[in-house]
Amino acid sequence: MSFSDVVEAIKGLSIEEKQEIQLLLKQYLREERREQIYENFKTAQVEEKNGELKFSSNINELKRLIEE
């Protein structure tokens, strides 16, 4: 089923069904974002363990680190 098929199917739903889909999508997006945050956390832990993380309170140094 393509994206346009899904959109067309949603158009045919009742308002209540559309609201339920909206709630489900918000929940799914929250769950996916939590998983991304957790994966980033695990990556950061490995980088810290390997001494790959760099810290600085100097704004110019932080900008340089971000650009790397």
key: Subset of region 10-22 [of a type in the set (A, V, I, L, M, F, W, C) and surrounded by fewer than 10 Cβ atoms within 10 Å (Cβ to Cβ)]   = I15
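How many residues, within region 58-68, are out of contact with any Ser or Thr (no Cβ under 9 Å at 6 or more places or on another chain), not β-branched (V, I, T) and not in a loop (DSSP other than H, G, I, E, B)? Step through it out loud before you land on a result.
Residues of region 58-68 that are out of contact with any Ser or Thr (no Cβ under 9 Å at 6 or more places or on another chain), as a first pass: 58-61, 63, 66-68.
Keeping just the survivors that are not β-branched (V, I, T) gives 58, 60-61, 63, 67-68.
Narrowing the set further to residues that are not in a loop (DSSP other than H, G, I, E, B) leaves 60-61, 63, 67.
Count: 4.
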remark   = Of the residues in region 38-68, those that are exposed (fewer than 10 other Cβ atoms within 10 Å of the Cβ), under 23 Å from the mean Cα position of the chain (by Cα) and of a type in the set (A, V, I, L, M) come to I66
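Per-residue answers, yes or no, for (1) of a type in the set (A, V, I, L, M); (2) part of a helix (DSSP H, G or I); (3) touching a Leu at 6+ places or on another chain (Cβ under 6 Å):
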position	(1), (2), (3)
V6	yes, yes, no
A9	yes, yes, no
L13	yes, no, no
Y38	no, yes, no
F41	no, yes, no
A44	yes, yes, no
S56	no, no, yes
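Computed from the coordinates by the stated procedures, all read-outs in this text should not be read as laboratory data. All values reported here derive from a predicted model rather than from experimental measurement. Neighbour counts are summed over all protein chains in view; Cβ atoms, including those assigned to glycine, are modelled from backbone coordinates with ideal geometry.
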